[in-house]
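Each remark here refers to the structure printed beneath this line.
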Amino acid sequence: MTTATAQAGATTPAQIKYQGTIHELQKQLMTRYYDQLTAIAQGGPGRSAQLLIAGNPVEILRAFDMIPVFPEVNALQLAVRKTSLPLIQKAEELGYATDNCAYVKADIGMWQNGGVAPFGTVPKPDILVCNYVGCNVYLNWFEHLAELVGAPAVNIDIPFLRTAAGTPTDEDVTYVMAQLKELIQQLERITGTEFDEDKFNEIVARSARVGELWSKIKELTKRRPAPYDAYFDSVTMMAPLYCLRGTPEGLDFFERAYEEMSARAETGTGPLPQERFRIVIEGPPPWPFLRAFRDMFSRWGAVAVASTYSTVGGLWEFGFRHDPAKPLESVARHMLEANLCNRSMLQRYSQIERYVSEWDADALVIHSVKSCRLFSAGQGDMREHFVHDRELPTLLIESDLEDPRYFSAAQLRNRIDAFFEALEQRRVTAGVVAAEAVVAARAATQAPA
Amino acid sequence: MTLDLATYRDVIEDREFPTVREWRERTGGKVIGCFPVYAPVEVPYALGMLPIGLFGGGNRIEIANADSRFQSFICSIVKSTLELAFVGKLDLVDGLMFHSICDPARNLSSVMERNFPERPSIYVHLPQNMTSPHAAPYLASELRRVGAALAPIAGRTLTDEDLWRSIDAYESVRGLLRELYALRSETPERISTGELYTLARLVTLMDPADSSKVLADALAEARRREAKVKDRIRVVLVGSFCEQPPLELIESLEESGCYIVNDDFLQGWRWAQRGVRRGGDPYLALARSYLDDSVHLSTKHDLRQPRAQALLESVGHHRADAAIFLGAKFCEPGLFDYALYRKALDAAAIPHLFLEFEEKMWLYDRVRGEVETFVESMLFAEARV
Ligand code: SF4
Ligand code: SF4
């Protein structure tokens with residue numbers, strides 16, 4: 001058993017307080033966000049639109065003062081509060097299958113309760129904007145919601161990145177911009193207000209700033225120790241990134257987050273008492289057991305220095321920025337190319353490779369979730385690639401992001417322990433080999449010519 | 001039937017692809033493997049290539065390599081198609097086409113590309129915004145792009161005339177299939193679904209110039225047939241639009257007391273409800289036809305018409321007594337649709353049955369038992385009225 005070794009790493013997760021100022025601020029902002037939505041649901045003024053996380057075009061909605069609502073964020077909130085299972089089961093009674101994405105099922109279950117959730121009430125949206133960015137389940141999800149909540153619905157069709165160049169074609173960009181213009185016209189009709197270009201430009205400018213700050217925050221985990229965990233702490237910053245991007249509060253949040261994280265980097269403070277392994281994590285987190293899952297890594301002193309999940313809504317760390325000089329085109333490009341979901345598996349392999357080399361990681365952990373086939377389908381091939389072509393220690397573990405029935409704590413812990421034990425062993429062996437090499441080199445220099 | 005159905009049956013089950021090999025040897029042309037559901041087969045055919053349907057390994061192939069790439073909760077066709085490549089059965093295929101139908105199929109396109117870089121994978125984006133006037137010109141541009149990507153494999157370029165000729169060739173096949181389907185709905189005793197399926201599947205493995213002759217003969221012969229009407233219920237079957245159930249399973253559904261009067265087997269090869277409108281730009285004509293005139297497809301999301309409405313209309317049009325959902329295990333698009341179908345069928349008081357299959361299954365007793373019970377309950381209810 002590996003426990004002794006892990007504890008020798010001097011980390012007792014039970015005592016670790018992961019939460020910093022940013023976590024508190026995030027909670028306050030999200031409470032306010034859900035209070036606003038609840039007020040609308042209860043008949044107050046204001047409008048909301050539902051859209052999806054991948055490459056979300058919130059800038060357009062914000063220009064019409066519509067609050068963007070993401071069913072994924074609602075679903076994960078339900079899971080974190082351990083309230084997802086009865087909702088999933090309710091959806092299954094209605095005919096949804098065990099193999100359907102559980103985010104959708106929890107959301108459908110929530111609508112059976114009239115949108116009432118422990119964190120607030122989700123209003124019936126004024127429009128359902130299905131930004132079809134990579135995930136094919138999105139199309140099903142909003143088709144079902146359109147029937148269920150009876151709101152006007154539109155699909156914004158985003159062509160997948162599919163050419164050898166790995167960039168969108170000119171036709172792709174033109175097509176997406178044309179659809180965004182149609183969306184704007186539709187929103188004008190729904191809200192009865194004219195599209196205010198100046199306001200839109202300001203929002204896009206704030207998004208550009210947020211992108212810059214988020215990207216700088218991500219750079220910080222290149223340091224040793226990483227000042228925060230790029231998987232478990234990044235998810236805290238992701239809700240404001242989508243729900244509040246383009247707003248002054250959203251920008252303020254990222255300014256403060258950058259300040260806090262740089263101060264930690266300056267003082268060499270990491271999320272754990274000691275950073276022993278630097279890992280890249282691929283795949284969404286198991287929301288119902290986030291803390292327990294985190295502890296499984298913390299006990300080994302493993303810190304994520306980068307994660308693919310934190311790029312589902314947008315991939316900023318490789319240079320993409322919204323552009324106030326070309327506001328609509330930059331929104332289109334964000335949807336087309338600057339997010340994980342619309343990029344191919346092979347582009348994801350390259351993304352991980354960059355993380356491993358530029359963020360200097362020791363290993364890759366693939367968290368394969370049953371619900372999300374966008375992520376998981378083919379992750380076995382990903383493991384093959386990293387183990388055989390890149391000789392990178394890689395661990396593949398399975399559970400789910402929303403459905404607690406697929407989380408087997410004991411099994412996960414065993415696999416994780418065995419993996420880090422082996423990594424540690426490698427290190428010891430490498431250390432011995434290196435020491436022997438030094439001795440041998442010394443002996444060689446001391447040897448008479 | 002004098003039609004050699006036993007031979008055809010062997011042909012569609014044989015993963016050595018005898019008809020394709022024969023075509024290749026005869027013509028020296030290149031072969032493009034098309035993953036389901038809808039593939040713009042007219043484009044490779046116009047380039048002198050033979051587009052063929054890749055429907056996995058059926059129940060004839062052992063998965064030894066592919067399950068280390070795709071997890072247990074991924075549908076069979078994704079794994080068995082990859083396995084075909086691992087065991088060299090796709091060596092006669094010069095390129096692959098995948099389409100934006102679902103996430104596993106899309107990721108398979110990448111995995112194929114990495115493991116078999118010598119065989120190009122072309123990923124086709126099929127528009128999902130049916131209400132935008134920009135969708136048709138966009139799809140036309142996508143079809144042009146596919147043509148340009150295939151041209152180097154074919155070793156030639158594509159003209160508009162080539163494409164029109166190709167559209168005609170497939171129109172002829174699709175027209176005959178529509179007639180065969182209509183005949184079955186009208187007089188299901190004249191052609192069984194097992195037979196019709198075999199013929200339609202053959203289309204996916206032959207040059208349309210050849211398969212149209214087979215279909216025309218089959219149609220003539222079925223029309224002449226004198227057969228006794230059996231005491232069966234009429235059902236519309238949905239859910240098998242991508243991964244295909246074993247032929248034996250289809251036959252055992254019929255033997256359990258069903259006349260299948262409409263289905264979505266091999267739907268991507270029979271998608272058009274009517275002919276492609278002539279004239280102008282052939283790419284645009286094909287694009288408009290797919291967007292506006294295709295049958296209802298599970299992988300096409302058309303907000304202009306609620307999905308379940310199409311099923312109810314099909315049940316009405318074909319005078320069906322019931323609907324059977326026969327879905328591939330782990331097929332998410334199909335399983336999502338089922339939730340909508342179930343609600344609508346219940347509301348319309350149309351009896352329905354949910355069945356799941358895997359292409360690799362061998363035993364049909366349980367399914368047969370369920371269908372028999374379902375049919376009996378319906379015939380019993382009818383007798384009481
Ligand atoms: S399949 Fe994945 S990306 Fe799609 S809705 Fe579900 S969790 Fe989100
Ligand atoms: S069977 Fe369903 S899940 Fe599998 S590839 Fe086909 S459409 Fe996708």
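Some points to look at:
- Lys/Arg +1, Asp/Glu -1 at C-beta; chain B dipole; positive extreme among B:GLY280, B:MET361, B:VAL41: B:GLY280
- Chain A: angle of helix A:170-191 to the longest principal axis, Cα-based, in degrees nearest 10: 50 degrees
- Each residue was assigned an accessible area with a 1.4 Å probe, and for A:CYS372 the value is about 30 Å².
- Residues in the range B:109-152 occluded by at least 50 Å² - accessible area, probe radius 1.4 Å, against chain by itself: B:SER110, B:ARG114, B:TYR123, B:HIS125, B:GLN128, B:ASN129, B:HIS134, B:TYR138, B:ARG145
- Computed from Cα positions, the angle between helix A:248-267 and the longest principal axis of chain A comes to roughly 10 degrees.
- Evaluating kT/(6 pi eta Rh) at 37 °C and 0.692 mPa s, with the Kirkwood radius of the range A:287-408 over Cα pairs in the Stokes-Einstein relation, gives 206 µm² s⁻¹.
- For the protein assembly as shown, calculated [θ]222 nm from helices alone, where every DSSP H run of n ≥ 4 adds -39500 (n - 2.57): -16500 deg cm²/dmol
- Solvent exposure of A:ASP35, expressed as accessible area, is near 90 Å², computed with a probe of 1.4 Å over the protein chains only.
- Taking all protein chains together and a 1.4 Å probe, the residues B:TYR364, A:TYR231 rank B:TYR364, A:TYR231 from largest to smallest accessible area.
- Rg over Rh, two decimals, the range A:368-435 (C-alpha only, Kirkwood Rh): 1.09
- Whole-Å distance, taken between Cα centres, linking the range A:349-423 and the range B:290-329: 39 Å
- Degrees between helix B:307-317 axis and first principal axis of chain B (Cα, 0 to 90, nearest 10): 60 degrees
- About its Cα centre, the protein assembly as shown has a charge dipole of approximately 1020 debye under the convention of +1 per Lys or Arg Cβ and -1 per Asp or Glu Cβ, with nothing else charged.
- In this view, the solvent-accessible surface of B:GLU25, computed with a 1.4 Å probe and all protein chains in place, comes to about 150 Å².
- Spin-label model, A:LYS181/B:ASP231: points 7 Å from Cα along the beta carbon direction are separated by 6.6 nm.
- Separation between Cα centres of the range B:21-37 and the range A:112-187, rounded to whole Å: 38 Å
- Shape of the range B:179-300, Cα gyration tensor, a/c cut at 1.5: prolate
- Portion, in percent, of the accessible area of the protein assembly as shown that falls on carbon or sulfur, probe 1.4 Å: 52 percent
- Sorting B:SER76, B:SER141 by solvent-accessible area of protein heavy atoms yields B:SER141, B:SER76, largest first, with a 1.4 Å probe.
- Whole-percent P(r), chain B, all Cα pairs, 10 Å bins from 0: 5, 24, 34, 27, 9, 1, 0.
- More than 21 Å apart - percent of Cα-Cα pairs taken over the range B:131-205: 52 percent
- Percentage of interatomic Cα-Cα distances in the range B:242-313 larger than 14 Å: 70 percent
- DSSP beta bridges fully contained in the protein assembly as shown are about 5 percent antiparallel.
- Amide N proximity, the range B:255-279 versus B:GLU161 label position 7 Å along Cα-to-Cβ, cut-off under 20 Å: B:278-279
- In the range B:1-130, the alpha-carbon atoms span a convex hull of 144 Å³ per residue.
- Computed label-point distance, nm, for sites A:ASP198 and A:GLN28 using a 7 Å Cα→Cβ extension: 3.2 nm
- Computed on the Cα trace of chain A, the radius of gyration divided by the Kirkwood hydrodynamic radius gives Rg/Rh = 1.00.
- Volume per residue of the convex hull around the Cα atoms, evaluated for the range A:203-248, comes out as 60 Å³.
- Taking only the Cα atoms of the range B:127-169, the ratio Rg/Rh comes out at 1.07, with Rh defined as the Kirkwood radius.
- Cα-based convex hull volume of the range A:129-248 per residue, rounded to whole Å³: 164 Å³
- Taking the Cα centre of chain A as reference, the dipole from Cβ charges on Lys and Arg (+1) and Asp and Glu (-1) amounts to some 1240 debye.
- Cβ charges +1 (Lys, Arg) and -1 (Asp, Glu), total dipole of the range A:272-384, debye: 360 debye
- Sorted into 5 angstrom bins from 0, the C-alpha pair distances of the range A:175-303 split as 2, 9, 16, 16, 15, 13, 9, 7, 6, 5, 2, 0 percent.
- Across A:LYS82/A:LYS124; A:LYS326/B:LYS300; B:LYS228/B:LYS360; A:LYS370/B:LYS79; A:LYS370/B:LYS300; A:LYS105/B:LYS300, pairs whose alpha-carbon gap is larger than 27 Å: A:LYS326/B:LYS300; B:LYS228/B:LYS360
- Farthest positive-ward along the range A:253-365 dipole, Cα basis, beta-carbon charges - from A:PRO284, A:GLY268, A:GLY301: A:PRO284
- Counting, for every residue in A:153-161, the Cβ atoms of other protein chains within 10 Å of its Cβ and taking the mean gives 6.
- Residues whose amide H comes within less than 5 Å of that of B:VAL31, counting only those at least five positions distant or on another chain, are B:LEU50, B:ASP94, B:GLY95 (H built at 1.01 Å from N in the peptide plane).
- Residues considered: B:CYS242, B:CYS102, B:CYS34. Largest GNM mean-square fluctuation over chain B, using C-alpha springs under 10 Å, is found at B:CYS102.
- Candidate aspartates and glutamates for bridging to A:LYS17, where Cα separation is under 14 Å - those fewer than 8 sequence places away on the same chain excluded: A:ASP229, A:ASP233, A:ASP295
- Burial order of peptide ranges A:67-73, A:246-252 (average beta-carbon count within 10 Å, highest first): A:67-73, A:246-252
- Contour minus Cα-Cα distance for A:ILE16 and A:VAL428 (0.36 nm per residue): 145.7 nm
- For the pair A and B, the buried accessible area comes to roughly 4600 Å² in total, with a 1.4 Å probe and the value rounded to the nearest 100.
- Modelled FRET efficiency - R0 25 Å, A:VAL116 with A:LEU290, Cβ distances, 0.05 increments: 0.60
The values are calculated or read from the model by the stated rules, or taken from the named source; none is laboratory data. Predicted model, so just to flag it, every value in this text is computed and none were measured. Cβ atoms come from the backbone with ideal geometry, glycine included; neighbour counts cover every protein chain shown. Accessible surface areas use protein heavy atoms only, side chains included; no ligands, DNA or RNA. Shrake-Rupley method; radii C 1.70, N 1.55, O 1.52, S 1.80 Å.
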